[in-house]
Structure formats: C-alpha cells, structure tokens
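Below you'll find the structure, written out as structure tokens, and then a few comments.
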Amino acid sequence: MPGCPLPVEALSPALRKHVDPAAPAPLRMMGAKGLVPAVAPGDLVTMLFFLSFDADAAVQETAARSASALPEKIWSTALRSEAVDGPVLDWLADRLASSPGALQAILLNPATSDETVARLAPVVPAPLLEIIRQNELRLLRHDDIVRGLCRNPSAPASTIDGACDFCVRNGLVLLDVPQLVEAHRRIHGTDPASRSGEDSAETLLVEYRAELAHEPEAEGGTGSMPPPDPEQELKRLSMTQRVLKMSVSQKIKLATLGNREARTLLLRDANRLVSLAAAQSPRITDGEILSLANSRTANADVLRYIYESRDFLKVYALRAALVRNPKVPLPTALKFLPTLQEKDIKDLARDRNVPATVMAQAKSWMIKREMASKGSQGGKH
C-alpha cells in the first residue's frame, strides 16, 4: 500500500483482501470499521494501521476512529504483543494518547521503537516516567529519550536526577541538556565541555569504516573476509583497544550501529547492557543468534533475551541449542525439550556434556515413548 512503511506480509493472509487498494470500497470499509469476524487483537490493529494509508479519505478516517475507540480488552492484548510492529505501536500511541494504560503498555513493549519512546518522553504523565527511567538500555542507546525526559514538565526532580546520574556514570555527555551537564558537575566535579580525547561510536565508525561498518555476509559471498595483512591486523588491534576503553554509552551505540566484528567484541563485554545492546542490534543475523544460543560463555541476560523471544523460538535449531546449553535455566531447557524431534532427544539421552537433569529427562521421555510403543503393539495382537 503506497505510503505504508510495512510490507503487506506483516498482515495475516486472511486480512490482506481488506487492505488491498484494488479491493471494493465496502470490503475495505468493513476492515476500517473493525467488523471482520474472528480477528486476533494484534492483527486487528495492524489492519487498521494499513487502512490509515488508504487512498479513500473516508476509509482512512474510519480506521483512525476505530483505533481510537478500541475496547480495553482489545488494545491491552495488542499493545503487549511483541509481534505487533513498531510503526503500528507508534501510530496507536497517538490514537490512544488519552489512556495512561495504553501508553504504559506501549512503553513496556520491547517491540516499541526507541524513536517512539523518545517522542512520548516529553509528554507522558508523571506516573509513566519511571518506566522510561528504568529502561537503562534505551536511555543509553538513544540520546533523545533522556532529552525528552528532561523536558517533561511533569517529571519529578528525583526521576530526572536518577536518569541523568545513571547516564553520566555510564559516559553519556549531552552538552545541550542542562540537567545532564549539572549531573556531570555533581558526580565528577568538572565541566563536561572540558572533556577531550574520548572516542565516540561515530568517530570510530568513520575512522574504521571497513572494520566496523562493513557486513561481509550482506554481499552474497561466503560471509567471511580475506585474512588481514600485517598492516590491517595492526589497525584492527588498535581499533579493538580503543573500543574497550570507550564509555558504556558509546559501546552501546557502537554495538547497535557496528558490524559483526563490533558485535562479536562487545557481546563479550563485562557490562550486561553492552552485551545486550549487541544482541538486540537490528543488524544481527540469525546465524549470530544461533551461535549465542550455543555459547557457554554468553551473558545470562543475552541468553534470557533469546529464550524469551517468540520469534527466535520459532527456529528449531535454536531451541535445540538452548536445551543443550548449561547456562540456560533448567526449567526453560526442560520446557523446550518435548518440542524437539525424537532423534535429538535420543542424542540428549546419551550426551554427557549436557546438564544431568536434561539427560535424565531425555532418557525418561525415551522410556515412556518405548513403553507406549510396546503397549500399542500389544493391543494389536
């Protein structure tokens, strides 16, 4: 649909006929009024979002009105779903702006974009500001969030001071934000304008463009770069040393903007926010996520991010890797165990490298399966 930032594949196949520009106006209006039967809340709000771009102004206006009038039982489910796309959540933030409960759900949803949170930060009511304050990764990843927080006239001084103190302690310097400048003076006893010689993510991305911005796997090759020559190796070593000396806030920006080499380096960072930012990078590949699921040295927060993501868990190989990983909590590993194929469960029952409880449960599953098989065969005689 022209103007819509989402592909039509974001909508379930059964609903695409209601947003098709070539569909009859009554069919599109039916969708705009939310009268399509048996539609899940997430699909409903996504359909309304698509129809807000319809060429017919009446359809557009009706879709917007329907979104604004959604019953709480519908929007409360839709706004908590990580399967709803960020642009839809951003659009709903305006349609449901008068409902603190809706705004709270949007702020808490990991699928909500940093840009949406930054847009809401200056205007949401005071009770919701602490939600923004507590999302430390967003604060350090997207500068405009703390800017917006500091501009909110309803923000308690304690919330702003807490956010600014946290940001300053993690190396965030924004000279255009008076509260951050004051926090820097309060904590470090110096004027942040006098700081010099510190690397930023942007500086390194410019200076080490080939090393930190290039994604070899995106060019359709083998996914690996040629072995570096001595000069390149020395440059890469210098880059690595400079990255390790960067502040937490700059590491987070580099983890988000950089390439696989940057992510690989920062996934091992001791600060959990840095490693989590690398795992949540929009540029990270499925192969990297699978490697993390297999890793026995991965940060616990990174693994939690993976095994709590519904989209990731749709990948069979990833579930199998999580079951084998001793760093994954046993209740989580055991929950995924029955979803594996019989061949893999048999392997787990013999694998002494997996946690003993996982091995025992795999053996128990195989015994039950064999007994059930024998019972069904005996019943045939």
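The values are calculated or read from the model by the stated rules, or taken from the named source; none is laboratory data. These numbers come from a predicted model, not from an experiment. Cβ coordinates were reconstructed from backbone atoms using ideal geometry, including for glycine residues, and neighbour counts include every protein chain displayed.
Worth a mention:
- Counting only helices (runs of 4 or more DSSP H) that fall entirely inside region 280-381 and contain at least 3 residues that are over 32 Å from the mean Cα position of the chain (by Cα) and over 25 Å from Ala83 (Cβ atoms), the qualifying elements are 342-350, 356-378.
- Qualifying residue in region 99-119 (condition: modelled with pLDDT of 95 or more and within 19 Å of Asp165 (Cα to Cα)): yes
- Region 1-29: number of residues that are among the hydrophobic types (A, V, I, L, M, F, W, C), surrounded by 16 or more Cβ atoms within 10 Å (Cβ to Cβ) and assigned to a helix (DSSP H, G or I): 4
- Residue in region 206-244 that is modelled with the lowest pLDDT, counting only those that are surrounded by 11 or more Cβ atoms within 10 Å (Cβ to Cβ) and part of a loop (DSSP other than H, G, I, E, B): Gly223
- Which listed residue, of Tyr307, Tyr316, is touching a Leu at 6+ places or on another chain (Cβ under 6 Å), among the hydroxyl-bearing types (Ser, Thr, Tyr) and within 26 Å of Arg369 (Cβ to Cβ): Tyr307
- Of the candidates Ala69, Ala63, Ala55, the single residue that is more than 23 Å from the chain's Cα centre (by Cα), over 30 Å from Val248 (Cβ atoms) and in contact (Cβ under 8 Å) with a residue 40 or more places away in the chain is Ala55.
- For region 259-276, the set of residues classified as touching an Asp or Glu at 6+ places or on another chain (Cβ under 9 Å), under 19 Å from Ser247 (Cα atoms) and in a helix (DSSP H, G or I) consists of Glu261, Ala262, Arg263, Thr264, Arg272, Leu273, Ser275, Leu276, listed by residue number.
- Restricting region 163-199 to residues that are touching a residue at least 40 places away in the same chain (Cβ under 8 Å) and more than 25 Å from the chain's Cα centre (by Cα), the residue that is surrounded by the most Cβ atoms within 10 Å (Cβ to Cβ): Asp199
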